[in-house]
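Taking it in order: structure first as structure tokens, then the write-up.
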Amino acid sequence: MTYDVTIGIPVYRSDAFLRRTLASALAQTYPSIEFLLVDDAGGDNSLAIMQEIQQTHPRGAAVRIISHDSNQGVSASRNQLIDEARGDYLYFMDSDDVIVENVIEILMQAIRQYDAEIAFGSYEKIELSGKRVVFQYPSLQLLGEGKLAEYAYRKYGGIQASACNFLVKTSVLRDRHHRFIAANYWEDLVFTFDLVTMVSRAVLLPDVTYTYRCREDSLSHYHHRTQIAKEEVVGNIRSIEHLKRTSSALCDKPYYPNRCLSIAMTDFYIVCSILKRGKSIVPAVSAGEMKAALSHTASFRDICSFRQSRWSNLAFYMLGRLPAPLCLAVIWWIGKFKKLL
């Protein structure tokens, strides 16, 4: 059986939140939805909850469960969702978040109206303190080759880092062989950051349709912990290095300079975070390792030819060429001035 949409949910140690998450997914007003769940062998009660809901919910016939014998990681689970989805469009959702009941209806209406390959909804994040932060897009149609990428890279944080709350044509992912990288850190940022270069018709919507709740034990929120494994920080750096490598195929695109700048700024913020939480990272990250993280995506010669963001890129390039002690001293001063440290 085929569907218009697959809601794909990787599940790992989520039994405390899973009923609420699945209730919001199954409450969707849009009729033609497959609910594809990948249980990644978390060893808790998640699989039993999924099986119970599959057997008892009125939409249970549209629920499909894939169960792993051993833990493979979130990237492998999401890649399996891409491969196994029976929907023409795919919507990723995390197993501890909730969506409004008409999110798929809203996104599908926009896709059909503009013949779009992807539609993004806005979302809210609930911090550990309970504070709500809204990431809201303008109402915008980006119709044309490179238009979404130009928008995404126009400023730092112009596009969401999460792989959730957008509806994307499944064939785009499969035809372009676009997958999540084998990483446990920032794999969703890498996926979305590259995905925007692969579509030519996109819609952004201001409707807040997704609620993302921060969790203390989340790998992506180590800033609140008293001890941080160095491997987590290094994992973030490796993910950004992947973006630098994939950038080489885009050097002739008009958005390339701004993409390079977004990557450079991400490196800068990583190093600021290391400097701020240095005493909590075990073992310590060396000055040489921090400097190496600042290596620029583009060459000096290429940067000098940029028509956009030339001077900003050049500044980050030169920062990464300074001796490590001086480089970190400059970052510390800028971080203090910007209230990042």
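The values are calculated or read from the model by the stated rules, or taken from the named source; none is laboratory data. What you are looking at is a predicted structure, and each value in this text was computed from that prediction instead of being measured. Cβ: placed from backbone, ideal geometry, glycine included. Neighbour counts: every protein chain shown. In case anyone asks, the SASA skips ligands and DNA or RNA and just uses the protein heavy atoms, side chains included. Shrake-Rupley method; radii C 1.70, N 1.55, O 1.52, S 1.80 Å.
Against the main long axis of the alpha-carbon atoms of the chain, helix 46-56 sits at an angle near 30°.
Solvent-accessible surface (1.4 Å probe) assigned to MET318 amounts to roughly 100 Å².
Compute the acute angle (0 to 90°) between the alpha-carbon long axis of helix 310-321 and the principal axis of greatest extent of the alpha-carbon atoms of the chain; round to the nearest 10°. Roughly 70 degrees between the two axes. Take 122-135, 266-279 and order them by the average number of nearby Cβ atoms within 10 Å per residue, most first; the result is 266-279, 122-135.
Only one item in (1) 19.0; (2) 17.4; (3) 50.4 matches mean projected area of the Cα convex hull in nm² derived from the coordinates shown, and that item is (2). For the peptides 50-59, 245-254, 141-150, the ranking by packing is 141-150, 50-59, 245-254, with the highest mean count of neighbouring Cβ atoms within 10 Å listed first.
Accessible surface of SER299, taken over heavy atoms with a 1.4 Å probe and every protein chain present, rounds to 50 Å². List, in the order given, every pair from LYS244/LYS336; LYS131/LYS338; LYS279/LYS336; LYS131/LYS279; LYS131/LYS244; LYS253/LYS276 whose Cα-Cα distance in the structure shown is over 24 Å. Result: LYS244/LYS336; LYS131/LYS279; LYS131/LYS244; LYS253/LYS276 exceed 24 Å. Remark: the Cα gyration tensor places the range 152-208 in the oblate category, a/c being 1.5 or greater and a/b not exceeding b/c.
Report, to the nearest whole %, how much of the accessible area of the chain belongs to carbon and sulfur atoms, 1.4 Å probe, protein only. The nonpolar share, carbon plus sulfur, comes to 52 percent.
Per residue, the accessible area of the range 270-317 comes to 56 Å², computed with a 1.4 Å probe over protein heavy atoms only.
Less than 11 Å Cβ to Cβ from SER295, Lys/Arg counted +1 and Asp/Glu -1: what total charge do the surrounding residues give?
+1
The figure for SER312 is an accessible area of roughly 60 square angstrom, using a 1.4 Å probe on the protein chains alone.
Using the Cα gyration tensor of the range 1-134, with a ≥ b ≥ c the square roots of its eigenvalues, what is the shape: rounded (a/c below 1.5), prolate (a/b larger than b/c) or oblate (neither)? Note, shape of the range 1-134 comes out oblate.
Here the peptides 164-171, 328-335 are ranked by packing, the mean other Cβ count within 10 Å, and the order with the highest first is 164-171, 328-335.
Amide H contacts of ILE228: ILE281, VAL282, each under 5 Å away and 5 or more positions distant or on a separate chain (H built 1.01 Å from N in the peptide plane; Pro and chain starts excluded). Helix 230-247 and the long axis of the chain differ in direction by around 90°, with both axes built from C-alpha atoms.
Protein-only accessible surface at a 1.4 angstrom probe places the residues HIS177, HIS242 in the order HIS177, HIS242, largest first. The listed residues VAL74, VAL282, once ranked by accessible area (1.4 Å probe) with the largest placed first, stand as VAL282, VAL74.
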